[in-house]
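Remarks on the structure that follows.
The values are calculated or read from the model by the stated rules, or taken from the named source; none is laboratory data. Note that the coordinates shown come from a computational prediction; the quantities given were computed from them, not determined experimentally. We place every Cβ from the backbone using ideal geometry, glycine too, and count neighbours over all the protein chains shown.
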Amino acid sequence: MTDAYSNRKQIIKILILSVGILFIVRLMYLQIFNGDYKKAAEENALRHIVQYPARGLVYDRNGELLVYNDAVYDIMVVPAQMKNAEDFDTAQFCQILDITRDVFDSNMTKACKYSMQAPSPFLKQISKETYGALQSNLWKFKGFYAQQRTLRHYPKPIAAHLLGYIGEIDEDELKDTNINSDNYYRQGDYIGKSGLEKSYESVLRGKKGQKVTLVDVHNREKGRYENGRFDTAAIAGKNLYTSIDIKLQEYAEKLMANKRGCIVAIEPATGEILTLVSAPSYDPNLLVGRVRGENYKKLQDDIAKPLFNRALQATYPPGSIFKVAQAMIALDEGVITPSTGFPCDKSKLGCHNHPSAGCVRDAIKMSCNPYFYFTYRRMIQQGKYSNDVRDSHYGLALWREHMLKFGFGQRLGLDLPNVGSGNIPDTAFYDKWYNGRWTFSTIYSNSIGQGEVTIIPLQMANLAAIVANRGYYYTPHIVRFYGEDSVRPSEFYEKHETGVDPEYFEIAANGMYDVIHGAGGTAHRANIPGIDICGKTGTAENIGIDHSVFICFAPKDNPKIAVSVYVENSGAGGTWAAPIASLVVEKYLKKKVERTDVERQYMEARPCQSLPLKRVYKKMKKRR
């Protein structure tokens, strides 16, 4: 009996000791090795409040402010605190915030679903004026506090397409490793959605800070944690210094009022964008603050498509401005010479009445369609092969290789998102369409910038810059440098050569000079007294009324500005786009416009409306 009880005692001791050891091991694991409970305890005792940085400012080329920040506030709520508050005056609270009781109830329901104890946004982006009215009464509304944010503000209602806008980050962007690779963003954060705001998001956004405060079991703040030892200050984003001339931008937008189309102006020597206009446009302040969602939908539903950036995304047939590039490539390939002449044979392509062009310079001046038909034929069918199909394949591949060096058929590398590339068709393109059985006679419309050729207006302005530089260009860009250390992106200073002899571009420059100043030129309306402006008109065929196209640069020697203008559904290039482009040039070079009658005429005209062009012209003549 004694031995039996003795064994039982040993077994009980072992069991008790084993249980004790298990408890000790578990406690060691929970308290020393596993940080989950420690983290949960800290989260119950501390509140980490994000300190949002101010976004970088944006300036024009002369130091004028294009975008700055305005303080706004998010009203945060801890539902448990508010629920326990006595005598909460809901009516006064709603009156101060200018919201209805339904909005109050709806927002509180969302906050309660999120968490009763943790803070969440109750009302976002209230103005500093509204916050001022609330602040003096905030002590009455337990459970609510304000968190400061900043919103963008635009001193002038211009340049919406190039500046862009910011908005709340969405689920797809949060999950996108290219956008959120460093886990910087959280739900409710704001991010650049378009324009410079998107392209330079990582530069503009700055770095978040945090403030750590003590809270009690009811999530009420009790002061700073360890006297702010773990607080970090937000670091403001870097400022952008752009190449945009705000006065020229504002003027160009006025010229494009009541029109559909675009204007792009480049400084040829640097590739810096001086102005970029897409019409119709909108006031960028419409996409700021609590009204952003409502206004965005209105703009999106607008039949005129004001959100669409025609200067960078619209692919148009270039029309006759393309003849300049055609001539340069043909000269470089040796299929024509500067003195080559062709008859103005209208049986090949329709043309306006003018003498036959006896040289390249005259062909550019008179914009002779048959001349460039014959030129393109020599380029495509060079006689390298006896088989016409094979010969045409060879010629087109060579032609396309040259066109790519002009920046066509590819994205130019502009520092804005969603830039189009246009289309310079290759042999595979036509092989697919015609089962490999095609020749020059199938594709001759390309000769005059029609057919399957399309380019974007940015590329048109770049073509003018190439001629201005006599054969090369720099990557078009908008930001000159950013930050206090003046960082200059190196890719914008790479020189792109077309490979065509500068001597041939001198012929192009002279021909473009004659377009405006010579007898038989197509753009006399673009003449600016005292300025040697060189240009090329285009009329792009379209279903309905044709599009008006013009490119130019000035002065002829040592050019300071190159411009492209595209006015949809307005007719001939010399009638609409050319005078508008010349006004932009005059404004930039002279700092004022002396031809006020021309200015008034084209600012007030509405060529894109349903009114027939003849009646528009009559009205314009009466105003003279």
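Descriptive notes on the structure:
- Every residue from the range 123-143 that is assigned to a helix (DSSP H, G or I), surrounded by 12 or more Cβ atoms within 10 Å (Cβ to Cβ) and more than 42 Å from the chain's Cα centre (by Cα): LYS140
- Test: residue in the range 79-93 that is in contact with a strand residue (DSSP E or B) (Cβ under 7 Å, 6 or more places away or on another chain), more than 20 Å from VAL288 (Cβ to Cβ) and modelled with pLDDT of 85 or more: no
- Within the range 376-388, residues that are of a type in the set (Val, Ile, Thr) have Cβ atoms under 7 Å from residues that are surrounded by 11 or more Cβ atoms within 10 Å (Cβ to Cβ) in these pairs: ILE380/SER392; ILE380/GLY395; ILE380/LEU396; ILE380/TRP399; ILE380/PHE440, counting only partners at least 6 apart in sequence or on another chain.
- Yes/no for ILE443 being hydrophobic (A, V, I, L, M, F, W, C) and under 25 Å from GLU497 (Cα atoms): no
- Checked against (1) farther than 24 Å from LYS348 by Cα; (2) touching a His at 6+ places or on another chain (Cβ under 8 Å), THR427 passes all but a single condition, namely (1).
- Out of SER570, SER564, sole residue that is in contact (Cβ under 8 Å) with a residue 60 or more places away in the chain, of a type in the set (Gly, Ala, Ser), in the same structural domain as ALA464 (by TED's automatic domain parsing) and within 21 Å of GLY271 (Cα to Cα): SER564
- Failed item, numbered, when THR177 is tested on (1) out of contact with any strand residue (DSSP E or B) (no Cβ under 9 Å at 6 or more places or on another chain); (2) outside any loop (DSSP other than H, G, I, E, B): (2)
- Top-ranked residue of the range 344-369 - restricted to ones that are crowded, with 22+ Cβ neighbours inside 10 Å and in a loop (DSSP other than H, G, I, E, B), ranked as farthest from the chain's Cα centre (by Cα): CYS368
- Candidates in the range 545-595 are the residues that are crowded, with 24+ Cβ neighbours inside 10 Å and of a type in the set (Phe, Trp, Tyr); of these, the one that is farthest from PHE322 (Cα to Cα) is TRP576.
- Search result, residues across the range 454-493 that are touching a helix residue (DSSP H, G or I) at 6+ places or on another chain (Cβ under 9 Å), within 28 Å of LEU57 (Cα to Cα) and polar (S, T, N, Q): THR475
- Within the span defined as the range 141-148, every residue fails to be under 30 Å from LEU312 (Cβ atoms) and in contact (Cβ under 8 Å) with a residue 40 or more places away in the chain.
- Residue in the range 212-220 that is over 30 Å from PHE308 (Cβ atoms) and either free of Cβ contacts under 8 Å to residues at least 12 places away in the same chain or in contact with a Cys (Cβ under 8 Å, 6 or more places away or on another chain) (or both) present: yes
- Pick from the range 301-343, criterion among the acidic types (Asp, Glu) and assigned to a helix (DSSP H, G or I), ranking: nearest to ALA160 (Cα to Cα): ASP301
- The condition of being part of a helix (DSSP H, G or I) and either over 38 Å from the mean Cα position of the chain (by Cα) or more than 20 Å from ILE321 (Cβ to Cβ) (or both) holds for only one of PHE429, PHE372, that being PHE429.
- Count - residues of the range 549-561 that are closer than 16 Å to VAL584 by Cβ and without any contact (Cβ under 8 Å) to a residue 60 or more places away in the chain: 2
- Residue identified as touching a strand residue (DSSP E or B) at 6+ places or on another chain (Cβ under 8 Å) and farther than 30 Å from GLU491 by Cβ among ALA279, ALA252, ALA257, ALA304: ALA257
- Qualifying residues in the range 235-275 (those that are charged (D, E, K, R) and closer than 18 Å to GLN601 by Cα) - the one surrounded by the fewest Cβ atoms within 10 Å (Cβ to Cβ): LYS254
- Selected residue (criterion: nearest to the chain's Cα centre (by Cα)) from residues of the range 562-603 that are within 26 Å of MET366 (Cα to Cα) and of a type in the set (Phe, Trp, Tyr): TYR566
- Given (1) of a type outside the set (S, T, N, Q); (2) over 28 Å from GLN135 (Cβ atoms); (3) modelled with pLDDT under 85, number of the condition ASP60 does not satisfy: (3)
- Filtered residue count, the range 90-115, keeping only those that are surrounded by 13 or more Cβ atoms within 10 Å (Cβ to Cβ) and outside any helix (DSSP H, G or I): 2
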